[in-house]
1. Do you know which of the residues in segment 64-93 that are within 13 Å of Gly30 (Cβ to Cβ) and of a type in the set (S, T, N, Q) is surrounded by the fewest Cβ atoms within 10 Å (Cβ to Cβ)?
2. Going through segment 62-93 one residue at a time, which ones are assigned to a helix (DSSP H, G or I), more than 16 Å from Thr16 (Cβ to Cβ) and among the aliphatic types (A, V, I, L, M)?
3. Taking the condition of being exposed (fewer than 11 other Cβ atoms within 10 Å of the Cβ) and not in a loop (DSSP other than H, G, I, E, B), how many residues in segment 23-61 meet it?
4. Go through segment 43-87 and report how many residues are among the basic types (Lys, Arg) and touching a helix residue (DSSP H, G or I) at 6+ places or on another chain (Cβ under 9 Å).
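A short reminder: the numbers here are calculations on the coordinates, not readings from a lab. As the structure is a computational prediction, the values presented were derived from the model and not from experiment. Positions of Cβ are backbone-derived with ideal geometry, glycine not excepted, and every protein chain shown enters the neighbour counts.
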Amino acid sequence: MNPTTQCTPTNDQCQTMGTTVPFDGIQEPGCYVCNWNGHLLRVPEDGVKPGRSPLLTLCGPQPLFVTKISNNPYIPMTKARLIASNLDMCVNF
């Protein structure tokens, strides 16, 4: 599966499906898979609004990366597993 861009005309900085970004670089709501353990992250719109405190911070000696698999943070689990598997990702959810 090739990464596909899901942008709106008003959104300058959109993240591409299948694109890997640092955990602290998440700028859009959606569904992400943790590259280090295969867990699913659901990031609601409230989690990325400007001026809001981060809902979750992960600290460690190395940068942690996630891969976006959907714009919908509430994508059904079976569909999320299928998309992650098609991207050859570890699925642990």
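1. Asn72
2. Met77, Ala80, Leu82
3. Summing the residues that are exposed (fewer than 11 other Cβ atoms within 10 Å of the Cβ) and not in a loop (DSSP other than H, G, I, E, B) in segment 23-61 gives 2.
4. Residues that pass the stated criteria total 1.
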